[in-house]
Amino acid sequence: MRFSSRIFVWKLSSTFGISGLSNESCFMSTQPLCKFKKINQIEVYRIKSGQLAALSECYFSRSCYTAAVVRPESYLTIPGALGRQVDSLVKPCIDKMQLVDFQRLQYNLNERGYRLNARELLELWKNYEDIIAEKAKIESRRKENSKIGKQLNKKSGCDLQKEFDTVKETGIKLRNEAKRIQKILEEIEVPTMMKLLSLPNDYCDEPFKTLSFGEPSGYSVSGDENIVLALNSPDSFHFMTKENAFLELKFCNKLLQYLLNQNCRLISPPDFVKSAIVEGCGIDYSEVFTMNEQDSSDPFRVVGGASLPAMCTLVARTTLRNETPLRFSTLGRCYSVSDGTNIFESSQRTCVQSLSLVNNEQSSGEVDFMVDKLINFYSVLPVHFRVSKAPLSSLKRYEKAKISFEMYSQSKKKYIEFACVSNIGEFISRRLNVYFHPRGEGQFVNFVFSTCIDFNAFVHCWNDNGRPSLVE
(Lines give C-alpha, C1' and ligand atoms only; values in the text may rest on other atoms or scores of the structure.)
Protein backbone atom coordinates (compact mmCIF):
# COMPACT_ATOMS: atom_id res chain seq x y z
CA MET A 1 0.00 0.00 0.00
CA ARG A 2 1.38 3.43 -0.90
CA PHE A 3 -0.20 6.84 -0.62
CA SER A 4 0.79 9.96 -2.47
CA SER A 5 0.85 13.37 -0.83
CA ARG A 6 -0.93 16.43 -2.05
CA ILE A 7 1.99 18.76 -2.63
CA PHE A 8 2.01 22.48 -3.36
CA VAL A 9 5.23 23.62 -5.02
CA TRP A 10 6.88 27.02 -5.13
CA LYS A 11 10.15 28.41 -6.50
CA LEU A 12 13.05 28.09 -4.09
CA SER A 13 14.39 31.37 -2.76
CA SER A 14 18.09 31.23 -1.93
CA THR A 15 17.57 33.46 1.13
CA PHE A 16 14.14 33.02 2.68
CA GLY A 17 13.00 29.59 1.46
CA ILE A 18 9.55 30.11 -0.10
CA SER A 19 8.89 32.86 -2.59
CA GLY A 20 6.84 33.47 -5.70
CA LEU A 21 3.58 32.20 -4.19
CA SER A 22 1.73 33.40 -7.27
CA ASN A 23 3.44 30.59 -9.14
CA GLU A 24 1.79 27.93 -6.95
CA SER A 25 1.00 24.61 -8.58
CA CYS A 26 0.05 21.15 -7.37
CA PHE A 27 1.23 17.65 -8.19
CA MET A 28 1.27 14.14 -6.74
CA SER A 29 4.52 12.41 -5.81
CA THR A 30 5.01 8.78 -4.83
CA GLN A 31 8.79 9.22 -4.51
CA PRO A 32 10.61 9.86 -1.23
CA LEU A 33 11.18 13.53 -0.46
CA CYS A 34 14.20 15.01 1.30
CA LYS A 35 13.27 17.03 4.41
CA PHE A 36 14.50 20.63 4.07
CA LYS A 37 13.04 22.81 6.85
CA LYS A 38 9.89 24.02 8.54
CA ILE A 39 8.50 27.46 7.74
CA ASN A 40 5.52 28.65 9.79
CA GLN A 41 4.59 25.08 10.75
CA ILE A 42 4.59 24.03 7.07
CA GLU A 43 6.65 20.96 6.23
CA VAL A 44 9.09 21.90 3.50
CA TYR A 45 10.92 19.39 1.32
CA ARG A 46 13.63 19.81 -1.30
CA ILE A 47 12.74 17.98 -4.48
CA LYS A 48 14.46 17.50 -7.82
CA SER A 49 13.16 18.62 -11.16
CA GLY A 50 12.80 14.98 -12.23
CA GLN A 51 10.01 14.61 -9.70
CA LEU A 52 8.00 17.40 -11.30
CA ALA A 53 6.85 15.51 -14.36
CA ALA A 54 3.23 16.38 -13.61
CA LEU A 55 3.98 20.11 -13.59
CA SER A 56 3.96 22.49 -16.49
CA GLU A 57 7.54 23.51 -17.36
CA CYS A 58 6.45 27.13 -17.88
CA TYR A 59 6.21 27.60 -14.11
CA PHE A 60 9.83 26.84 -13.31
CA SER A 61 13.25 27.37 -14.77
CA ARG A 62 15.46 26.19 -11.90
CA SER A 63 16.40 22.62 -11.00
CA CYS A 64 15.44 22.74 -7.31
CA TYR A 65 12.20 23.71 -5.58
CA THR A 66 10.51 23.56 -2.18
CA ALA A 67 7.33 21.63 -1.51
CA ALA A 68 4.83 21.94 1.33
CA VAL A 69 3.16 18.62 2.04
CA VAL A 70 -0.56 18.65 2.85
CA ARG A 71 -1.73 15.28 4.19
CA PRO A 72 -5.15 14.00 3.12
CA GLU A 73 -8.01 14.44 5.59
CA SER A 74 -8.61 10.70 5.52
CA TYR A 75 -6.18 7.90 4.73
CA LEU A 76 -9.10 5.51 4.43
CA THR A 77 -10.75 7.26 1.52
CA ILE A 78 -9.52 10.09 -0.69
CA PRO A 79 -12.53 11.10 -2.76
CA GLY A 80 -13.07 13.45 -5.68
CA ALA A 81 -10.42 14.65 -8.09
CA LEU A 82 -7.66 14.03 -5.55
CA GLY A 83 -8.77 10.42 -5.23
CA ARG A 84 -8.20 9.80 -8.93
CA GLN A 85 -4.53 10.74 -8.55
CA VAL A 86 -3.77 8.80 -5.36
CA ASP A 87 -3.22 5.09 -4.96
CA SER A 88 -5.54 4.29 -2.04
CA LEU A 89 -5.69 0.92 -0.35
CA VAL A 90 -9.45 0.65 0.04
CA LYS A 91 -12.73 2.31 -0.81
CA PRO A 92 -15.18 2.11 2.11
CA CYS A 93 -18.76 1.03 1.58
CA ILE A 94 -21.23 3.01 3.70
CA ASP A 95 -23.84 0.99 5.60
CA LYS A 96 -27.01 2.63 4.28
CA MET A 97 -29.23 0.58 6.59
CA GLN A 98 -27.76 2.44 9.56
CA LEU A 99 -29.09 5.69 8.05
CA VAL A 100 -32.67 4.45 7.60
CA ASP A 101 -33.85 4.52 11.23
CA PHE A 102 -33.39 8.11 12.41
CA GLN A 103 -34.46 7.49 16.03
CA ARG A 104 -32.22 4.43 16.44
CA LEU A 105 -29.24 6.30 15.01
CA GLN A 106 -29.77 9.31 17.28
CA TYR A 107 -30.14 7.06 20.34
CA ASN A 108 -26.90 5.28 19.43
CA LEU A 109 -25.07 8.60 19.05
CA ASN A 110 -26.43 10.00 22.31
CA GLU A 111 -25.61 6.90 24.37
CA ARG A 112 -22.05 6.77 23.07
CA GLY A 113 -21.49 10.48 23.63
CA TYR A 114 -21.14 11.53 19.97
CA ARG A 115 -22.07 15.14 19.31
CA LEU A 116 -23.64 14.47 15.93
CA ASN A 117 -27.13 15.32 14.72
CA ALA A 118 -28.72 12.30 13.05
CA ARG A 119 -31.22 14.38 11.08
CA GLU A 120 -28.47 16.57 9.61
CA LEU A 121 -26.47 13.47 8.70
CA LEU A 122 -29.45 11.93 6.91
CA GLU A 123 -30.09 15.15 4.97
CA LEU A 124 -26.41 15.37 4.03
CA TRP A 125 -26.45 11.77 2.78
CA LYS A 126 -29.69 12.27 0.85
CA ASN A 127 -28.28 15.36 -0.86
CA TYR A 128 -25.11 13.42 -1.73
CA GLU A 129 -27.09 10.51 -3.21
CA ASP A 130 -29.31 12.90 -5.20
CA ILE A 131 -26.24 14.47 -6.80
CA ILE A 132 -24.80 11.02 -7.56
CA ALA A 133 -28.12 10.06 -9.20
CA GLU A 134 -28.18 13.29 -11.23
CA LYS A 135 -24.61 12.69 -12.38
CA ALA A 136 -25.54 9.15 -13.46
CA LYS A 137 -28.47 10.48 -15.51
CA ILE A 138 -26.26 13.00 -17.29
CA GLU A 139 -23.66 10.33 -18.07
CA SER A 140 -26.41 8.10 -19.44
CA ARG A 141 -27.64 10.92 -21.69
CA ARG A 142 -24.08 11.56 -22.89
CA LYS A 143 -23.67 7.91 -23.86
CA GLU A 144 -26.99 7.95 -25.69
CA ASN A 145 -26.05 11.16 -27.50
CA SER A 146 -22.68 9.69 -28.45
CA LYS A 147 -24.42 6.59 -29.77
CA ILE A 148 -26.66 8.75 -31.98
CA GLY A 149 -23.59 10.56 -33.31
CA LYS A 150 -21.91 7.28 -34.22
CA GLN A 151 -25.03 6.13 -36.06
CA LEU A 152 -25.13 9.39 -38.07
CA ASN A 153 -21.49 8.90 -39.04
CA LYS A 154 -22.45 5.67 -40.76
CA LYS A 155 -25.01 7.48 -42.92
CA SER A 156 -24.39 9.84 -45.81
CA GLY A 157 -26.19 12.85 -47.26
CA CYS A 158 -26.16 16.64 -47.10
CA ASP A 159 -29.41 16.76 -45.18
CA LEU A 160 -27.67 15.17 -42.13
CA GLN A 161 -25.57 18.25 -41.31
CA LYS A 162 -28.35 19.82 -39.24
CA GLU A 163 -28.70 16.63 -37.22
CA PHE A 164 -24.92 16.53 -36.72
CA ASP A 165 -24.94 20.10 -35.42
CA THR A 166 -27.79 19.29 -33.04
CA VAL A 167 -25.97 16.23 -31.66
CA LYS A 168 -22.74 18.21 -31.30
CA GLU A 169 -24.48 21.08 -29.50
CA THR A 170 -26.25 18.63 -27.19
CA GLY A 171 -22.92 16.95 -26.44
CA ILE A 172 -21.31 20.26 -25.47
CA LYS A 173 -24.23 21.13 -23.17
CA LEU A 174 -24.13 17.72 -21.50
CA ARG A 175 -20.36 17.92 -21.06
CA ASN A 176 -20.63 21.32 -19.38
CA GLU A 177 -23.47 20.03 -17.20
CA ALA A 178 -21.35 17.02 -16.21
CA LYS A 179 -18.48 19.32 -15.22
CA ARG A 180 -20.84 21.45 -13.13
CA ILE A 181 -22.25 18.41 -11.31
CA GLN A 182 -18.77 16.99 -10.77
CA LYS A 183 -17.61 20.24 -9.19
CA ILE A 184 -20.60 20.24 -6.82
CA LEU A 185 -19.96 16.59 -5.99
CA GLU A 186 -16.30 17.19 -5.16
CA GLU A 187 -17.25 20.06 -2.85
CA ILE A 188 -19.61 17.98 -0.72
CA GLU A 189 -18.00 14.55 -1.06
CA VAL A 190 -15.19 15.12 1.44
CA PRO A 191 -17.33 16.56 4.30
CA THR A 192 -20.04 13.96 3.67
CA MET A 193 -17.68 10.98 3.71
CA MET A 194 -15.72 12.28 6.70
CA LYS A 195 -18.88 12.63 8.80
CA LEU A 196 -20.22 9.22 7.76
CA LEU A 197 -16.90 7.55 8.49
CA SER A 198 -16.94 9.10 11.97
CA LEU A 199 -20.18 7.30 12.84
CA PRO A 200 -19.95 4.46 15.38
CA ASN A 201 -21.09 0.93 14.67
CA ASP A 202 -24.74 0.02 15.15
CA TYR A 203 -25.67 -1.68 18.43
CA CYS A 204 -27.05 -5.12 19.26
CA ASP A 205 -30.25 -5.52 21.32
CA GLU A 206 -29.70 -9.16 22.33
CA PRO A 207 -29.84 -9.56 26.15
CA PHE A 208 -27.14 -11.34 28.16
CA LYS A 209 -27.52 -12.60 31.72
CA THR A 210 -24.63 -11.70 34.02
CA LEU A 211 -22.73 -14.78 35.24
CA SER A 212 -20.47 -15.09 38.28
CA PHE A 213 -17.75 -17.68 38.93
CA GLY A 214 -15.57 -18.48 41.94
CA GLU A 215 -15.57 -16.92 45.39
CA PRO A 216 -14.24 -13.40 46.01
CA SER A 217 -11.06 -13.32 48.05
CA GLY A 218 -11.13 -11.51 51.36
CA TYR A 219 -7.53 -10.28 51.24
CA SER A 220 -4.93 -8.95 48.83
CA VAL A 221 -1.16 -9.24 48.45
CA SER A 222 0.83 -6.33 47.04
CA GLY A 223 2.64 -7.18 43.84
CA ASP A 224 3.98 -3.72 43.06
CA GLU A 225 7.58 -4.81 43.56
CA ASN A 226 7.21 -7.15 40.57
CA ILE A 227 5.85 -4.44 38.23
CA VAL A 228 8.21 -1.78 36.87
CA LEU A 229 7.38 1.54 35.20
CA ALA A 230 9.94 2.18 32.48
CA LEU A 231 12.18 5.15 33.34
CA ASN A 232 12.26 8.25 31.09
CA SER A 233 9.07 7.08 29.45
CA PRO A 234 6.71 9.77 28.12
CA ASP A 235 3.84 7.34 28.56
CA SER A 236 2.93 4.67 31.08
CA PHE A 237 4.99 1.71 29.84
CA HIS A 238 5.03 -1.11 32.39
CA PHE A 239 6.78 -4.46 32.22
CA MET A 240 6.83 -7.51 34.46
CA THR A 241 9.69 -8.78 36.59
CA LYS A 242 10.35 -11.80 38.81
CA GLU A 243 7.27 -13.90 39.65
CA ASN A 244 4.94 -11.87 37.41
CA ALA A 245 7.27 -12.24 34.43
CA PHE A 246 7.31 -16.05 34.76
CA LEU A 247 3.53 -16.10 35.16
CA GLU A 248 3.12 -13.89 32.08
CA LEU A 249 5.03 -16.36 29.89
CA LYS A 250 3.52 -19.57 31.28
CA PHE A 251 -0.08 -18.44 31.59
CA CYS A 252 -0.34 -16.67 28.23
CA ASN A 253 1.27 -19.58 26.40
CA LYS A 254 -1.11 -21.98 28.13
CA LEU A 255 -4.10 -19.88 27.02
CA LEU A 256 -2.76 -19.62 23.46
CA GLN A 257 -2.35 -23.39 23.26
CA TYR A 258 -5.90 -23.82 24.55
CA LEU A 259 -7.17 -21.61 21.69
CA LEU A 260 -5.14 -23.50 19.10
CA ASN A 261 -6.85 -26.67 20.32
CA GLN A 262 -10.19 -24.96 19.49
CA ASN A 263 -9.25 -24.82 15.78
CA CYS A 264 -7.71 -21.35 15.94
CA ARG A 265 -4.84 -20.69 13.54
CA LEU A 266 -1.66 -19.14 14.90
CA ILE A 267 -0.60 -15.95 13.10
CA SER A 268 2.17 -13.37 13.54
CA PRO A 269 0.82 -9.89 12.71
CA PRO A 270 3.10 -6.83 12.32
CA ASP A 271 3.75 -4.32 15.09
CA PHE A 272 3.44 -1.37 12.67
CA VAL A 273 0.49 -0.75 10.37
CA LYS A 274 -0.55 1.84 7.79
CA SER A 275 -2.85 4.71 8.70
CA ALA A 276 -5.70 3.37 6.54
CA ILE A 277 -5.84 0.19 8.66
CA VAL A 278 -6.15 2.12 11.92
CA GLU A 279 -8.83 4.36 10.43
CA GLY A 280 -10.56 1.32 8.92
CA CYS A 281 -10.87 -0.17 12.40
CA GLY A 282 -12.57 2.99 13.63
CA ILE A 283 -9.67 3.88 15.93
CA ASP A 284 -8.65 7.50 16.32
CA TYR A 285 -5.02 8.36 15.55
CA SER A 286 -4.69 10.04 18.95
CA GLU A 287 -5.13 6.60 20.55
CA VAL A 288 -2.04 5.06 18.89
CA PHE A 289 1.65 5.90 18.65
CA THR A 290 3.08 7.23 15.40
CA MET A 291 6.47 6.70 13.76
CA ASN A 292 8.25 9.11 11.37
CA GLU A 293 5.26 11.46 11.39
CA GLN A 294 7.37 14.48 10.44
CA ASP A 295 9.16 12.73 7.58
CA SER A 296 6.32 10.91 5.86
CA SER A 297 2.96 11.77 4.38
CA ASP A 298 1.70 8.33 5.47
CA PRO A 299 3.44 7.50 8.76
CA PHE A 300 3.43 4.08 10.35
CA ARG A 301 1.18 3.56 13.39
CA VAL A 302 2.65 1.53 16.27
CA VAL A 303 -0.10 -0.77 17.55
CA GLY A 304 1.66 -4.02 18.46
CA GLY A 305 1.18 -7.46 16.92
CA ALA A 306 -1.51 -8.45 19.43
CA SER A 307 -3.96 -5.72 18.44
CA LEU A 308 -7.05 -5.43 16.27
CA PRO A 309 -5.43 -3.25 13.53
CA ALA A 310 -2.44 -5.59 13.28
CA MET A 311 -4.66 -8.65 12.80
CA CYS A 312 -6.87 -6.79 10.31
CA THR A 313 -3.81 -5.97 8.22
CA LEU A 314 -3.65 -9.64 7.21
CA VAL A 315 -7.22 -9.71 5.86
CA ALA A 316 -7.71 -6.18 4.50
CA ARG A 317 -8.81 -6.07 0.86
CA THR A 318 -9.40 -9.81 0.82
CA THR A 319 -12.02 -12.03 -0.83
CA LEU A 320 -12.65 -15.15 1.27
CA ARG A 321 -13.17 -18.47 -0.49
CA ASN A 322 -12.79 -20.61 2.64
CA GLU A 323 -15.55 -22.08 4.74
CA THR A 324 -16.31 -20.09 7.84
CA PRO A 325 -15.79 -19.60 10.70
CA LEU A 326 -12.09 -18.83 10.30
CA ARG A 327 -10.37 -18.24 13.63
CA PHE A 328 -6.95 -16.64 14.11
CA SER A 329 -5.04 -16.20 17.36
CA THR A 330 -1.85 -14.48 18.41
CA LEU A 331 0.18 -13.66 21.52
CA GLY A 332 2.20 -10.47 21.86
CA ARG A 333 2.25 -6.81 22.80
CA CYS A 334 -0.49 -4.25 22.33
CA TYR A 335 0.33 -0.53 22.38
CA SER A 336 -1.97 2.42 22.93
CA VAL A 337 -1.60 6.00 24.12
CA SER A 338 -2.44 6.27 27.83
CA ASP A 339 -1.77 8.71 30.63
CA GLY A 340 -2.86 6.28 33.32
CA THR A 341 -0.57 5.37 36.22
CA ASN A 342 -2.02 1.92 36.94
CA ILE A 343 -0.74 -1.23 35.30
CA PHE A 344 -4.15 -1.98 33.79
CA GLU A 345 -4.04 1.47 32.12
CA SER A 346 -0.55 0.92 30.76
CA SER A 347 0.46 1.89 27.22
CA GLN A 348 2.16 -1.49 26.78
CA ARG A 349 0.19 -4.64 27.48
CA THR A 350 0.70 -8.33 26.87
CA CYS A 351 -2.39 -9.85 25.27
CA VAL A 352 -3.70 -13.02 23.72
CA GLN A 353 -6.09 -12.05 20.93
CA SER A 354 -8.42 -13.95 18.63
CA LEU A 355 -10.15 -12.81 15.44
CA SER A 356 -13.03 -14.80 13.94
CA LEU A 357 -14.29 -14.27 10.37
CA VAL A 358 -17.87 -15.45 9.93
CA ASN A 359 -20.96 -14.81 7.82
CA ASN A 360 -23.95 -12.85 9.07
CA GLU A 361 -25.86 -15.93 10.29
CA GLN A 362 -22.85 -17.19 12.29
CA SER A 363 -22.06 -13.90 14.04
CA SER A 364 -24.09 -14.34 17.24
CA GLY A 365 -23.19 -18.01 17.47
CA GLU A 366 -19.48 -17.20 17.22
CA VAL A 367 -19.77 -14.71 20.08
CA ASP A 368 -21.44 -17.41 22.21
CA PHE A 369 -18.73 -19.90 21.16
CA MET A 370 -15.85 -17.66 22.24
CA VAL A 371 -17.59 -16.67 25.48
CA ASP A 372 -18.19 -20.33 26.35
CA LYS A 373 -14.57 -21.28 25.59
CA LEU A 374 -13.19 -18.48 27.77
CA ILE A 375 -15.60 -19.36 30.59
CA ASN A 376 -14.43 -23.00 30.38
CA PHE A 377 -10.79 -21.90 30.59
CA TYR A 378 -11.12 -19.45 33.48
CA SER A 379 -13.78 -21.26 35.53
CA VAL A 380 -11.35 -24.02 36.56
CA LEU A 381 -8.95 -21.45 38.03
CA PRO A 382 -9.14 -20.46 41.72
CA VAL A 383 -10.16 -16.88 40.86
CA HIS A 384 -13.42 -14.96 41.09
CA PHE A 385 -14.70 -13.28 37.93
CA ARG A 386 -17.96 -12.24 36.36
CA VAL A 387 -19.20 -12.16 32.76
CA SER A 388 -21.61 -9.42 31.71
CA LYS A 389 -22.76 -7.40 28.71
CA ALA A 390 -21.00 -4.02 28.53
CA PRO A 391 -23.26 -0.92 28.42
CA LEU A 392 -23.59 0.94 25.13
CA SER A 393 -21.82 3.98 26.59
CA SER A 394 -18.61 1.97 27.13
CA LEU A 395 -18.38 0.48 23.63
CA LYS A 396 -15.64 1.45 21.22
CA ARG A 397 -16.55 2.84 17.82
CA TYR A 398 -16.15 -0.52 16.06
CA GLU A 399 -18.20 -2.58 18.56
CA LYS A 400 -21.85 -3.58 18.19
CA ALA A 401 -21.84 -5.41 21.49
CA LYS A 402 -19.26 -6.60 24.01
CA ILE A 403 -19.30 -9.39 26.57
CA SER A 404 -16.89 -8.39 29.31
CA PHE A 405 -14.91 -10.66 31.68
CA GLU A 406 -14.08 -8.81 34.90
CA MET A 407 -12.21 -9.54 38.12
CA TYR A 408 -12.65 -7.59 41.33
CA SER A 409 -9.79 -5.37 42.49
CA GLN A 410 -9.59 -5.21 46.28
CA SER A 411 -7.37 -2.12 46.19
CA LYS A 412 -9.43 -0.19 43.61
CA LYS A 413 -12.78 -1.40 45.00
CA LYS A 414 -14.18 -2.07 41.54
CA TYR A 415 -14.36 -4.69 38.80
CA ILE A 416 -11.67 -4.46 36.12
CA GLU A 417 -12.00 -5.97 32.64
CA PHE A 418 -9.28 -8.52 31.81
CA ALA A 419 -10.88 -10.15 28.75
CA CYS A 420 -13.78 -9.53 26.37
CA VAL A 421 -15.54 -10.77 23.24
CA SER A 422 -16.63 -8.04 20.80
CA ASN A 423 -19.21 -8.43 18.06
CA ILE A 424 -18.05 -6.09 15.27
CA GLY A 425 -20.35 -7.23 12.48
CA GLU A 426 -19.60 -5.72 9.05
CA PHE A 427 -18.21 -2.43 10.38
CA ILE A 428 -14.55 -3.16 9.58
CA SER A 429 -15.09 -5.33 6.50
CA ARG A 430 -17.07 -2.52 4.85
CA ARG A 431 -14.22 -0.09 5.50
CA LEU A 432 -11.36 -2.45 4.63
CA ASN A 433 -13.09 -4.33 1.78
CA VAL A 434 -13.20 -7.88 3.18
CA TYR A 435 -15.67 -9.87 1.06
CA PHE A 436 -17.03 -13.35 0.57
CA HIS A 437 -16.82 -15.02 -2.85
CA PRO A 438 -18.94 -14.69 -4.85
CA ARG A 439 -19.94 -11.12 -4.06
CA GLY A 440 -23.63 -10.42 -3.66
CA GLU A 441 -26.16 -10.19 -0.85
CA GLY A 442 -24.46 -10.72 2.49
CA GLN A 443 -21.10 -10.26 0.80
CA PHE A 444 -19.33 -8.56 3.70
CA VAL A 445 -17.50 -10.66 6.28
CA ASN A 446 -18.54 -10.34 9.94
CA PHE A 447 -15.77 -9.92 12.54
CA VAL A 448 -15.76 -11.23 16.12
CA PHE A 449 -12.74 -9.96 18.05
CA SER A 450 -11.77 -11.49 21.40
CA THR A 451 -9.25 -10.19 23.88
CA CYS A 452 -8.73 -13.54 25.55
CA ILE A 453 -6.52 -11.96 28.19
CA ASP A 454 -5.15 -8.52 28.95
CA PHE A 455 -2.43 -9.80 31.24
CA ASN A 456 -1.73 -6.42 32.85
CA ALA A 457 -5.29 -6.18 34.15
CA PHE A 458 -5.33 -9.87 35.05
CA VAL A 459 -2.10 -9.79 37.07
CA HIS A 460 -3.21 -6.70 38.97
CA CYS A 461 -6.38 -8.47 40.12
CA TRP A 462 -4.45 -11.69 40.71
CA ASN A 463 -2.12 -9.84 43.10
CA ASP A 464 -5.15 -8.22 44.71
CA ASN A 465 -6.67 -11.63 45.41
CA GLY A 466 -3.79 -13.32 47.15
CA ARG A 467 -1.91 -14.77 44.14
CA PRO A 468 -3.59 -18.17 43.95
CA SER A 469 -1.71 -20.85 41.99
CA LEU A 470 -2.65 -20.63 38.29
CA VAL A 471 -0.20 -22.83 36.34
CA GLU A 472 1.67 -25.98 37.13
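Kindly indicate the residue of the stretch 139-186 that is within 47 Å of the chain's Cα centre (by Cα) and among the hydroxyl-bearing types (Ser, Thr, Tyr) and also surrounded by the fewest Cβ atoms within 10 Å (Cβ to Cβ) among those meeting that condition.
Among residues in the stretch 139-186 that are within 47 Å of the chain's Cα centre (by Cα) and among the hydroxyl-bearing types (Ser, Thr, Tyr), the one surrounded by the fewest Cβ atoms within 10 Å (Cβ to Cβ) is SER140.
Would you say VAL337 is touching a residue at least 60 places away in the same chain (Cβ under 8 Å), surrounded by fewer than 19 Cβ atoms within 10 Å (Cβ to Cβ) and in contact with a helix residue (DSSP H, G or I) (Cβ under 9 Å, 6 or more places away or on another chain)? It would help to see each step written out before you state the result.
Numbers: touching a residue at least 60 places away in the same chain (Cβ under 8 Å): yes; surrounded by fewer than 19 Cβ atoms within 10 Å (Cβ to Cβ): yes; in contact with a helix residue (DSSP H, G or I) (Cβ under 9 Å, 6 or more places away or on another chain): yes.
Yes; evaluated as a whole, the condition is true for this residue.
So ASP339 clears everything in (1) farther than 22 Å from LEU247 by Cα; (2) not in a loop (DSSP other than H, G, I, E, B) except one condition, right? Which one?
(2)
Can you tell me which residue in the stretch 82-107 is modelled with the lowest pLDDT, limited to those that are among the charged types (D, E, K, R) and assigned to a loop (DSSP other than H, G, I, E, B)? Full working, then the answer.
Pass one, the stretch 82-107, residues among the charged types (D, E, K, R): 84, 87, 91, 95-96, 101, 104.
This time we only want the ones that are assigned to a loop (DSSP other than H, G, I, E, B), so: 87, 91, 95, 101.
Numbers: ASP87: 47, LYS91: 75, ASP95: 85, ASP101: 86.
In this case the residue turns out to be ASP87.
Can you pull out the residues in the stretch 352-383 that are touching a residue at least 60 places away in the same chain (Cβ under 8 Å) and part of a helix (DSSP H, G or I)? Before you say what the answer is, go through the steps one by one.
Let us first name the residues in the stretch 352-383 that are touching a residue at least 60 places away in the same chain (Cβ under 8 Å), namely 352-360, 362-364, 366-367, 370, 373-375, 377-379, 381-383.
The answer is ASN360, GLN362, SER363, SER364, GLU366, VAL367, MET370, LYS373, LEU374, ILE375, PHE377, TYR378.
For the stretch 108-131, give me each residue that is within 17 Å of ASN201 (Cβ to Cβ) and not in a helix (DSSP H, G or I).
Selection gives GLY113, TYR114, LEU116.
The values are calculated or read from the model by the stated rules, or taken from the named source; none is laboratory data. All values derive from a computational prediction rather than experimental measurement. Every residue, glycine among them, receives a Cβ derived from its backbone with ideal geometry; neighbour counts consider all protein chains shown.
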